[in-house]
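Engineer: So that we are looking at the same thing, I have put the structure below in structure tokens.
Rule-based calculations on the coordinates, nothing more; no lab input. Computed from a predicted structure; not experimentally measured. Cβ sites come from the backbone with ideal geometry, for glycine too, and all protein chains shown count toward neighbours.
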Amino acid sequence: MNYTYGPVPSRRLGFSLGVDILPYKTCTIDCLFCQLGRTSNLTIERGSFFPKEDVLSEILTLARRENPDYITFSGSGEPALNSDIGWLIREIKKEVPQKVVVLTNSTLLWMPEVREDLKAADIVVPSLDAGTDEYWQKVNRPHPDLEFDRMIEGLIAFSREFSGEIWVEILLVKGVNDTQENTDAVLSILSRMRYTKIQLNTVVRPPSEKSAVALSQEEMEIIAERFPPNTEIVSTFQKRGKHVSAHGDCERILAALARRPMTINDIEQSLGIPAERAEEVLKKLTAEDKARKTIHGQDVFFESLK
Ligand code: SF4
């Protein structure tokens, strides 16, 4: 699998076939909390990074074989940086019944061509972690050519042009963007746009910067009270696992870890590999220096060392 991973458990989307159409790690920003580490290729130049027919063929094969709930463009950076994304979404929609989701950091929505591309999706999940440029610089550390006000106007324009669902994600980092000043500014932007729901999130996976600390459930609930009723705190994934064969467990776990750090429970739920077997494989991968254990909050994650 070169361009897809999973289906993986997503706290927001059930079983989701991930699509990754960017070279690692290509993004327009460099979030403090990024689970992929620092942005090595900070850019706002869109491009066609891989042969689009090959990407489409792999997505369709996996979608038909694994029957995920959703097909989600996210992966190793900002998916809208790939200029093939609109074509890919439209072709997927012609061939398979799954809903297509795009997770975007919102930074390129000021470009009309990006808005046009993302309009082909069923659900778009734009990030809005900061309500002002000051907070944006602190929490998301954007490319120097990006402008906060232009991004916000693009997000608002997209919300009016797009007819699908918009789930706004706000990721809060303790002591950074969890202030009343920031949440008031975010609420003011939300009052100018259309959205289906708001999802409050915090640092649930090992972050790029050790200083990025999660809020407690209680702190999240206090902040959620300031938001409209259609706001949810993204909770731990609990859907049942899907059984698949044990063949190639090692390769499948490594491929999944290469995309994101995972707990044993994540592996069990998304790959259908029983916890005991996953533990065995992870022990082997750790001994071979292909993976390592890392503690974040109360959870033990494993990440790829490849
Ligand atoms: S969290 Fe997403 S938007 Fe932020 S740096 Fe990582 S890949 Fe880019």
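Engineer: What full-extension length gain, to one decimal in nm, is calculated for residue 196 and residue 279 as 0.36 nm per residue of separation minus the Cα-Cα distance? Walk me through the numbers on the way to the answer.
Structural biologist: On the way: separation 83, 0.36 × 83 = 29.88 nm, distance 3.91 nm.
Answer, rounded to one decimal: 26.0 nm.
Engineer: Tabulate in residue order the Karplus-calculated ³J(HN,Hα) for segment 250-258, using 6.51 cos²θ - 1.76 cosθ + 1.60 with θ = phi - 60°, rounded to whole Hz; enter x for Gly and Pro.
Structural biologist: Result, ordered by residue: 4, 5, 5, 5, 4, 5, 5, 5, 5 Hz.
Engineer: Could I ask something else about it? How much net charge surrounds residue 143 when only the other residues with a Cβ under 13 Å from the Cβ of residue 143 are counted, with Lys and Arg +1 and Asp and Glu -1? Could the numbers behind the result be given before it?
Structural biologist: Working: positive: 46, 141, 150; negative: 30, 45, 78, 145, 147.
Every neighbour counted, the sum reads -2.
Engineer: Can you list residues whose amide H is under 5 Å from residue 72's amide H, if they're 5+ apart or on another chain and H is modeled 1.01 Å from N?
Structural biologist: Amide H neighbours of residue 72: 17, 18, 19, 101.
Engineer: Still on this structure, please answer the following. So what's the net charge close to residue 25: Lys and Arg +1, Asp and Glu -1, counting the other residues with Cβ under 13 Å from its Cβ?
Structural biologist: 0
Engineer: Continuing with this model, one more query. Hey, what do the phi angles of segment 205-220 turn into as Karplus ³J(HN,Hα) couplings, whole Hz, using 6.51/-1.76/1.60 and θ = phi - 60°, x for Gly and Pro?
Structural biologist: 10, x, x, 4, 10, 4, 6, 7, 10, 6, 7, 6, 4, 5, 5, 5
Engineer: Would you work out if segment 1-69 is rounded, prolate or oblate? Take a ≥ b ≥ c from the square roots of the eigenvalues of the alpha-carbon gyration tensor; rounded if a/c is under 1.5, else prolate when a/b is larger than b/c, oblate otherwise. Spell out each step's value before the answer.
Structural biologist: Details: a/c = 3.04, a/b = 1.35, b/c = 2.24.
Oblate shape, in that a/c is at least 1.5 and b/c is the bigger or equal ratio.
Engineer: Related question: Quick check for you: which residues of segment 164-191 have the amide N under 15 Å from the point 7 Å beyond the Cα of residue 134 toward its beta carbon?
Structural biologist: 176-186
Engineer: Using the Cα gyration tensor of the chain, with a ≥ b ≥ c the square roots of its eigenvalues, what is the shape: rounded (a/c below 1.5), prolate (a/b larger than b/c) or oblate (neither)?
Structural biologist: Values: a/c = 1.61, a/b = 1.23, b/c = 1.31.
The shape class here is oblate.
Engineer: So if each residue of separation counts as 0.36 nm, and I subtract the Cα-Cα distance between residue 163 and residue 286, what length gain in nm does that give? Show your work: numbers first, answer last.
Structural biologist: Values: separation 123, 0.36 × 123 = 44.28 nm, distance 4.62 nm.
Full extension of this stretch gives 39.7 nm more.
Engineer: Using amide H atoms built in the peptide plane, which far-off residues or other-chain residues are under 5 Å from residue 129 H to H?
Structural biologist: Sorted by chain and number, the residues that satisfy this are 171.
Engineer: When the Karplus curve 6.51 cos²θ - 1.76 cosθ + 1.60 is applied with θ = phi - 60°, which whole-Hz ³J(HN,Hα) does each residue of segment 20-31 get, with x for Gly and Pro?
Structural biologist: With the stated coefficients, segment 20-31 comes to 10, 10, 9, x, 5, 9, 10, 8, 8, 9, 9, 5 Hz.
Engineer: Search the structure for amide H atoms under 5 Å from the amide H of residue 291, placed 1.01 Å from N in the peptide plane, and list their residues when 5 or more places away or on another chain.
Structural biologist: Distant-sequence amide H within range of residue 291: 286, 305.
Engineer: Convex hull volume of the Cα atoms in segment 67-110, per residue, in Å³?
Structural biologist: Working: hull volume 3.5 nm³, N = 44.
Cα-based convex hull of segment 67-110, divided per residue, equals 79 Å³.
Engineer: Tally Lys/Arg at +1 and Asp/Glu at -1 over every other residue whose Cβ is under 15 Å from the Cβ of residue 77; what's the total? It would help to have the intermediate numbers written out before the result.
Structural biologist: Working: positive: 25, 38, 46, 141, 259, 260; negative: 20, 30, 45, 78, 84.
With Lys, Arg at +1 and Asp, Glu at -1, the net is +1.
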